Amino acid sequence: METNKESSKETVLIGLSGGVHSGIVSYLLKLQKYELHALTIDLGNSTLSEENLKDIKTFCHKLNITHHLINVEEEYKELVLDRYLSDQIDGLATNLELYTSVFVLEKLHQHRKNLNLEHLACGSRAKILKKPDGSVILHTLVSDEDNTHQLAMASNEVLKDLTLPLGDLGDAEIQRLKENFGVENLQGPKMDSSHIDFKIPASLTVKESSLNSSKRFLLIDTHQISPTDLVMPFKGHVMTENSVKIDCLIVPRNQNTLLIELSEEDVFPEGKFLSVGVMAGKASRIVSHGRVKYIKEVESEEDSPVFKF
């Protein structure tokens, strides 16, 4: 999908939360003459208020965008909230916003195919480069609003389908567009745990969360964005949801596990999600994503990293 063409009748599905960034994307694509459809996803649990929905419908009417609304409350509970609860019971660090973002992207991808539309776009702040062989490269942005960590957990199929019109824009340009389009006051639904009203059943035993200070741990259940990168040990960094980067050595153990040795000791709770990247200019190219699991001791010399800082 080209986002700089002057005229087009190509169809685009936009994930429209009602927030500022999806509003900017809507304006940008409308100006480029795409036929726009917007999808708003109601997760239940009061995440989408009547006022939110009214504002979204008013916005779509103003821009002549076909609006679609789906309620996925039961599926969201089964696939996201139950997983979030299970993490808490197992004493693992968990991230409802991350789980929700990935779930929403999957729903957008499915709905784009169901509507037989050509492209999928959203307001996430990151950069996706699509290679001729069909693989993707995910880059961070030099911005406090970078969303790369959330996208890194999405499937490669979704990333291949996704277009991010804000990926080439800096913070100053985003601010200028907010003002020019008059969307600076738009507010999307809140996606953190504050809207969830549930308690862990008293009959269940909750494990204590494990918090370790160590230079060495495993990343398990990894999702590889660029599998060919993860063959030999290499230098890179791990990155948190706050875009904090910590230099490390990365040693592939198997298809779904990486051994991480940090340049200096740090504290991560068991189960925390981390992205793995390598520097690409001022930005970072994300190659994998997984969960922290601590190891008590080195099994053998073969497991030791072969590089030193």
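The values are calculated or read from the model by the stated rules, or taken from the named source; none is laboratory data. As the structure is a computational prediction, the values presented were derived from the model and not from experiment. FYI the Cβ positions are ideal-geometry reconstructions off the backbone, even for glycines, and counts take in every protein chain you see.
In segment 81-88, is there at least one residue being under 23 Å from D161 (Cβ atoms) and surrounded by 16 or more Cβ atoms within 10 Å (Cβ to Cβ)?
No; the residues of segment 81-88 include none that is under 23 Å from D161 (Cβ atoms) and surrounded by 16 or more Cβ atoms within 10 Å (Cβ to Cβ).
Going by the conditions given, is L85 more than 26 Å from L28 (Cβ to Cβ) and either modelled with pLDDT of 95 or more or part of a helix (DSSP H, G or I) (or both)?
When the stated conditions are applied, L85 passes them.
Could you count how many residues in segment 110-144 are surrounded by fewer than 21 Cβ atoms within 10 Å (Cβ to Cβ), closer than 20 Å to I14 by Cβ, of a type outside the set (S, T, N, Q) and free of Cβ contacts under 8 Å to residues at least 60 places away in the same chain?
Of the residues in that region, 3 qualify.
For the subset of segment 14-61 comprising residues that are of a type in the set (V, I, T), assigned to a helix (DSSP H, G or I) and touching a Leu at 6+ places or on another chain (Cβ under 9 Å), which member is surrounded by the fewest Cβ atoms within 10 Å (Cβ to Cβ)?
Out of the qualifying residues, it is V20.
Conditions tested, residue by residue: (1) under 18 Å from S214 (Cβ atoms); (2) modelled with pLDDT under 95; (3) part of a helix (DSSP H, G or I).
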residue: T228; (1), (2), (3): no, yes, yes
residue: M232; (1), (2), (3): no, yes, no
residue: S243; (1), (2), (3): no, yes, no
residue: I246; (1), (2), (3): yes, yes, no
residue: P252; (1), (2), (3): no, yes, no
residue: E264; (1), (2), (3): yes, yes, no
residue: V267; (1), (2), (3): yes, yes, no
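Among the residues of segment 91-118, write down those that are in contact with a Ser or Thr (Cβ under 6 Å, 6 or more places away or on another chain) and outside any loop (DSSP other than H, G, I, E, B).
L96
Report whether or not E35 is acidic (D, E), in contact (Cβ under 8 Å) with a residue 12 or more places away in the chain and closer than 20 Å to M153 by Cα.
No.
Please enumerate the residues belonging to segment 155-182 that are crowded, with 19+ Cβ neighbours inside 10 Å, part of a loop (DSSP other than H, G, I, E, B) and either aromatic (F, W, Y) or touching a residue at least 60 places away in the same chain (Cβ under 8 Å) (or both).
Within segment 155-182, P165, L166 qualify.
Would you mind telling me which numbered condition in (1) part of a loop (DSSP other than H, G, I, E, B); (2) modelled with pLDDT of 65 or more; (3) not polar (S, T, N, Q) K190 fails?
Unmet for K190, out of (1) part of a loop (DSSP other than H, G, I, E, B); (2) modelled with pLDDT of 65 or more; (3) not polar (S, T, N, Q): (2).
Restricting to segment 121-146, what's the tally of residues that are under 15 Å from the mean Cα position of the chain (by Cα), not in a loop (DSSP other than H, G, I, E, B) and not β-branched (V, I, T)?
4
Could you identify the single residue in S46, S101 that is farther than 28 Å from L117 by Cβ and either assigned by TED's automatic domain parsing to the domain that holds H119 or touching a helix residue (DSSP H, G or I) at 6+ places or on another chain (Cβ under 9 Å) (or both)?
S46
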